[in-house]
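Only one structure is covered here, and it is reproduced in the block below.
The values are calculated or read from the model by the stated rules, or taken from the named source; none is laboratory data. Being a predicted model, the structure only gives us computed values, none of them experimental. No Cβ is skipped: glycine too gets one built from the backbone with ideal geometry, and neighbour counts run over all protein chains shown. We work out accessible area using only protein heavy atoms, side chains counted, and drop any ligands, DNA or RNA first. Shrake-Rupley method; radii C 1.70, N 1.55, O 1.52, S 1.80 Å.
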Amino acid sequence: MKINKYHRPIGIFDSGVGGLSVLEEVRRQYPLEDWIYIADQIHVPYGPRSREEVLGYSEGIVRYLLGKGAKLIIVACNTASAVALAELRKKYPDVPFVGMEPAVKPAAEGTSSGVVGVLATPATFQGDLYSSTVEKFARGVEILKDTCPGLVGQIEGGKIDDPLTRNILEKALTPMLEKGVDEVVMGCTHYPFVIPIIREIVGKEVRVIDPAPAVARQAGRLLETFDLKADRDREGEGHFQTTGDPGKLEKLVGELIEIQTEVNKLVWDGGNLQEE
Ligand code: DGL
């Protein structure tokens with residue numbers, strides 16, 4: 001049976017478990033949609049990698065997702081968005097893409113102190129997407145940046161409650177607090193999973209911005225615009241796939257977004273992804 005355009009899956013990917021923070025919102029806002037989630041965990045973290053590497057991985061994943069019939073692609077990774085989103089849109093002009101960009105705009109609009117903190121990977125800060133967002137929306141606002149070295153690895157390792165995780169965050173946030181930050185932006189999709197610790201460190205007066213709800217809303221707008229929204233009387237279904245260890249991802253998906261599921265293994269073959 002040929003599946004109609006409305007009921008093709010949404011494709012969503014990240015270097016690892018970060019994109020689960022976006023997937024959770026997409027499922028909450030659009031529960032009828034089917035989806036495929038890909039975690040490229042053999043290559044995580046993307047943040048310190050070269051532009052060429054991240055571009056190659058992103059293109060390979062998107063090719064695979066389109067081969068599986070994805071009707072819309074969410075690049076649920078700030079790093080991959082910074083490096084590859086413009087190229088992907090150029091390469092596939094008919095495919096709707098949703099990407100991540102650090103939520104500097106709402107932070108700049110909301111700040112009273114005029115000092116905003118952004119936590120993101122080195123590749124995100126180096127990308128044109130970040131500089132053009134700052135240029136457009138944050139003139140006159142002081143932006144303090146931190147790459148939180150090691151934090152993605154801690155989250156991938158399921159070590160949220162580990163003292164090192166808190167140390168990394170304290171090291172990033174204490175100097176920001178000393179300079180009067182009152183908005184902190186999660187510029188990496190892994191970081192929303194440590195928001196409870198961030199809140200403990202920064203206190204109630206500082207707003208912590210997770211872009212996932214806005215990103216999911218944008219996905220919904222594109223589904224409407226392209227006339228692709230699922231319309232049926234059952235809940236959507238999804239599949240998780242990883243280039244890393246499926247058992248490890250199964251455990252993390254259970255811990256981070258409370259879904260008990262089976263994860264399938266994907267392997268890289270040159271620049272292409274294949275099922276094992
Ligand atoms: N979750 C990613 C991001 O939003 C990638 C982190 C990484 O792999 O370095 O940037």
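Quick check: from the Cα gyration tensor, does the range 21-112 come out rounded (a/c under 1.5), prolate or oblate? Taking the square roots of the gyration eigenvalues as a ≥ b ≥ c, the range 21-112 is oblate.
Rank Gly117, Gly11, Gly69 by mean-square fluctuation in a GNM of the chain with C-alpha springs under 10 angstrom and give only the top-ranked residue. Among Gly117, Gly11, Gly69, the largest mean-square fluctuation in the Gaussian network model of the chain belongs to Gly69. Of the residues Ser21, Pro9, Leu164, the one whose Cα sits farthest towards the positive end of the charge dipole of the chain is Pro9 (charges of +1 on Lys and Arg Cβ, -1 on Asp and Glu Cβ, taken about the Cα centre).
Helix 212-225 and the longest principal axis of the C-alpha atoms of the chain enclose an angle of approximately 40°.
With protein chains left intact and a 1.4 Å probe, residues in the chain average 46 Å² of accessible area per residue. Rounded, prolate or oblate: which one fits the chain, using the alpha carbon gyration tensor with axes a ≥ b ≥ c (rounded when a/c is under 1.5, else prolate when a/b beats b/c, else oblate)? Prolate, because a/c is 1.5 or more and a/b exceeds b/c. Shown for the chain: the carbon plus sulfur share of the solvent-accessible area, taken with all protein chains present and a 1.4 angstrom probe, equals 49%.
For the range 169-276, DSSP calls about 40 percent of its internal beta bridges antiparallel. Given +1 at the Cβ of Lys and Arg, -1 at the Cβ of Asp and Glu and no other charges, the dipole of the chain around its Cα centre is 600 debye to the nearest 20.
About its Cα centre, the dipole of the range 176-268 is roughly 160 debye, where the only charges are +1 on Lys and Arg Cβ and -1 on Asp and Glu Cβ. Computed from Cα atoms, the angle from the helix 20-29 axis to the main principal axis of the chain rounds to 70 degrees.
With contacts taken as Cα pairs under 8 Å at a separation of at least 6 residues, the range 1-152 carries a relative contact order of 23 percent.
A helix-only calculation puts the chain at -13000 deg cm²/dmol for mean residue ellipticity at 222 nm, using -39500 (n - 2.57) for each DSSP H run of at least four residues, averaged over all residues. Seen through its C-alpha gyration tensor, with square-root eigenvalues sorted a ≥ b ≥ c, the range 34-177 comes out oblate because a/c lies at 1.5 or above while a/b is not bigger than b/c.
Positive end of the dipole of the chain (Cβ unit charges, origin at the Cα centre): among His239, Gly180, Leu222, the Cα lying farthest that way belongs to Leu222. GNM on the chain, alpha-carbon springs under 10 angstrom: the most fluctuating residue among Arg234, Arg207, Arg89 is Arg234.
Beta bridges from DSSP with both residues in the chain: antiparallel share about 10 percent, rounded to the nearest 5.
Over the range 69-160, Cα pairs under 8 Å with separation of 6+ residues give a relative contact order of 28 percent.
Pairs with C-alpha atoms separated by more than 32 Å, drawn from the list Lys68/Lys171; Lys71/Lys105; Lys229/Lys265; Lys90/Lys248; Lys90/Lys265; Lys90/Lys145, are Lys68/Lys171; Lys90/Lys248.
The long axis of helix 51-67 is offset from the longest Cα principal axis of the chain by roughly 40 degrees.
Computed about the Cα centre, the dipole magnitude for the range 137-186 is approximately 140 debye when only Lys and Arg (+1) and Asp and Glu (-1) carry charge, each at its Cβ. Over the chain, what is the relative contact order in whole percent, taking alpha-carbon pairs under 8 Å and six or more residues apart? Over the chain, the number comes to 27 percent. Taking Val141, Val98, Val75 as the candidate residues, the one with maximal mean-square fluctuation in a Gaussian network model of the chain, Cα springs under 10 Å, is Val141. For the pair the range 79-127 and the range 206-246, the centres of their Cα atoms are 17 angstrom apart.
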